[in-house]
Each structure stands twice: as C-alpha cells, then as structure tokens.
Amino acid sequence: MPDHQMPDALYERLAIIGAGLIGSSVARAAGKAGVAGHIVLADADASILADAERLGLADSYHSDPAAAADKADLVILAVPVGAMASVAGDIAGALKPGVTVSDVGSVKESVLDSLTQTLPPHVHILPGHPVAGTEQSGPAAGFASLFEDRWCILTPPPQSDTQALDRLTRFWRALGSRVEIMDARHHDLVLAITSHVPHLIAYNIVGTASDLEAVTRSEVIKYSAGGFRDFTRIAASDPTMWRDVFLNNRDAVLEMLGRFSEDLTALQRAIRWGDGDALFTLFNRTRDIRRGIVDAGQDAAVADFGRPHKD
C-alpha cells in the first residue's frame, strides 16, 4: 500500500499499536479516507503482524511499539485495556512533543489514569472509544466501514488542548463516526449497562447451558433459537479483551449488576405469582426501547446475526 499523503491529511504519520479487529479497521478506514500521510501498524505477535502485512493494511510495520510511535503525530493504542499501561511505558520515550495519544478501549477512567501517569507532559492524552465491533478478532476480521454511523466517544481530561481535540474529532468523523465528548467516569457507567453487563450475561447464560447435564451439547447447538444464538455471538467475543474490561471497570459493572439483580428478582416474583400484567408491562416497555434503537440507526430492523458488511 502506498503512502496516503494528501493535501488535507489530518496527520502526517499515524501509528496504530495493535492489529486486531479495531486496529486493523482503523488502518483500513484511515487509508480509505486519506487522513494520514503514512500509516504505521505495530503488533507484538509476529503472526498477527505478518497477516496485517500480507493484507497490505499499512505503509510500514513494526513489532516494537516504540519504533512505530517514533515521529508519529497520532498514536492509537488498540490493545486490551489491561495492556494499556505497559504499552504506554514502551512508547513513552519515543513520543515527540505535541503528539496525540488516544486509544480504542471500552473502559476510559482507568485508561486515562494509566496514560496520565505513564506518558510525558508534552503529550496530548485524549482517550477514545469507537462503539463498534463484531465477535470476530484478528486483522482479517477488520473492515473500513466498521465505524460508519457509529458513535465514537472521546473522554478528554480537563484542560485538554482544544486544537488537538478538534483534530482528533475530525479524524473520527472522517472515518464515518458520530463523535460525542464525555467525562471518563460517566462513560464507564453508561457502557457498563449498554455493553459490559450484557456481555457478562451472555457469557454466563452460554456457560450455564453448556453445564446442564440434562441437555447434551449437541442439543444446545441443534435447537438454538434466535435468542440463545445471539447470546452465543456475544459470548464469542475476545476473552482477553473482555477479561480486562471487567477488571478495569469493576465498580460500574458491579453497580449495574446490583440493579439488574433487583429487577431480575422482581421478574422472578411476577412469574411465581402469575402476575401477567407486570410481565406484559415490562415486555411492552422493552419492545419500545428496541424500536428506539432501530430508529436511532444503531441497528437494523432485521436480524443482523454474523454482522454482514459492505466491504
């Protein structure tokens, strides 16, 4: 892939650390949009880096994150949340003054703390979270349209450089995202209920089905209806990434789990006492929420199992 230098490129050199689903999709989308003059892709896993190079996702490739970050104008950390501090330490000495360092993790407060404590003061730290993804992983799973019409939440610390923030906002908009600015702690609370707890429930219910001795594994697979099937899609997500999410957003997740448990107890009581009105009221309300999500363009009105895309 040749350099993407264009007169209106937002960044002369973009370094992406991590060539998984999100990192490879950023590389594809940035190359397609022409927002970076030169795209560097780094990954510590030699096989993943080789796959990325075979796919031609960037202009240059490095196994060393510091080498990738050298002279970069924008560095995006696309690694599991638990690895952010370590990778930040690896690149800290290579960062030039004025560089913007961001990320794509779905937990923001712990990432902001880690980057602030690790990176030098001449760096613009602007954490981000593109709310997009699939259950697939690896560089071959990425695609350029992943971020189109999806939200990207930026959680800058107080007194962030406004020009750097505006530049990063334009970057994500060029990749097709709708950008929202949010406090890091508030982000973690919102995502706990919209993303993290649903994933935890999916992991749990699929594990429960697997453990049931009265139902063989073949019957679980053979008779999977739409609900359980969609749970298995969510539960197929990257285990390293989600382990780190729950460990780094434990307070918000535990708070939302407490509320969920209370509501589940009320639902259990309604079923036990045959309270059809309570069940109907809840189901009607939740159906309206689903319709609102479709109307807001956050999903399709038809089943989206497997997440087909146009690339």
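Quick notes on this structure:
- Count - residues of segment 71-94 that are buried (at least 18 other Cβ atoms within 10 Å of the Cβ) and farther than 22 Å from residue 130 by Cβ: 2
- When segment 95-104 is filtered for residues that are of a type in the set (A, V, I, L, M) and either touching a Gly at 6+ places or on another chain (Cβ under 8 Å) or open to solvent by 30 Å² or more (accessible area, probe 1.4 Å) (or both), only 104 remains.
- Residue, modelled with the highest pLDDT, within segment 206-215, restricted to residues that are among the aliphatic types (A, V, I, L, M) and open to solvent by 70 Å² or more (accessible area, probe 1.4 Å): 212
- Among the residues of segment 111-147, just one is of a type in the set (Gly, Ala, Ser), part of a loop (DSSP other than H, G, I, E, B) and either open to solvent by 50 Å² or more (accessible area, probe 1.4 Å) or touching a Cys at 6+ places or on another chain (Cβ under 7 Å) (or both), namely 137.
- Near pairs, Cβ below 7 angstrom, 6+ apart or cross-chain, from segment 161-183 (free of Cβ contacts under 8 Å to residues at least 40 places away in the same chain and within 19 Å of residue 29 (Cβ to Cβ)) to any residue that is open to solvent by 80 Å² or more (accessible area, probe 1.4 Å) and of a type in the set (Lys, Arg): 179/173
- Inside segment 216-240, residues that are modelled with pLDDT under 80, open to solvent by 50 Å² or more (accessible area, probe 1.4 Å) and either of a type in the set (A, V, I, L, M) or closer than 30 Å to residue 112 by Cβ (or both) make up a count of 4.
- All conditions but one from (1) crowded, with 18+ Cβ neighbours inside 10 Å; (2) more than 19 Å from residue 187 (Cβ to Cβ) apply to residue 32; the one that does not is (1).
- Scanning segment 174-189 for residues that are buried (at least 16 other Cβ atoms within 10 Å of the Cβ) and part of a helix (DSSP H, G or I) gives 174, 184, 187, 188, 189.
- Subset tally (residues that are in contact with a Ser or Thr (Cβ under 7 Å, 6 or more places away or on another chain) and among the hydrophobic types (A, V, I, L, M, F, W, C)) for segment 82-95: 4
- Residue in segment 122-132 that is nearest to residue 72 (Cα to Cα), counting only those that are out of contact with any Leu (no Cβ under 6 Å at 6 or more places or on another chain) and in contact (Cβ under 8 Å) with a residue 40 or more places away in the chain: 124
- Test result for residue 107, in contact with a helix residue (DSSP H, G or I) (Cβ under 7 Å, 6 or more places away or on another chain), in a helix (DSSP H, G or I), under 25 Å from residue 249 (Cα atoms) and open to solvent by less than 20 Å² (accessible area, probe 1.4 Å): no
- A Cβ distance below 8 Å, combined with a sequence gap of six or more or placement on separate chains, defines the contacts here; from segment 274-288, residues that are over 13 Å from residue 263 (Cβ atoms) and at pLDDT 85 or above reach residues that are open to solvent by 80 Å² or more (accessible area, probe 1.4 Å) and not β-branched (Val, Ile, Thr) in the pairs 275/269.
- Pairs, first closer than 15 Å to residue 13 by Cα in segment 47-69, second of a type in the set (Asp, Glu), C-beta under 7 Å, six or more apart: 59/3; 61/53; 65/90; 66/90
- Within the set 119, 77, 95, the sole residue that is in contact (Cβ under 8 Å) with a residue 12 or more places away in the chain, in contact with a Pro (Cβ under 7 Å, 6 or more places away or on another chain), more than 22 Å from residue 194 (Cβ to Cβ) and not acidic (Asp, Glu) turns out to be 95.
- Residue count for segment 190-203, restricted to those that are open to solvent by less than 60 Å² (accessible area, probe 1.4 Å) and either hydrophobic (A, V, I, L, M, F, W, C) or farther than 28 Å from residue 30 by Cα (or both): 9
The values are calculated or read from the model by the stated rules, or taken from the named source; none is laboratory data. Note that this is a predicted model, so its numbers are computed, not measured. Glycine gets a Cβ as well: all are built from the backbone with ideal geometry, and neighbour counts include every protein chain shown. Remember, those area values only see protein heavy atoms, side chains included, never the ligands or the DNA or RNA. Shrake-Rupley method; radii C 1.70, N 1.55, O 1.52, S 1.80 Å.
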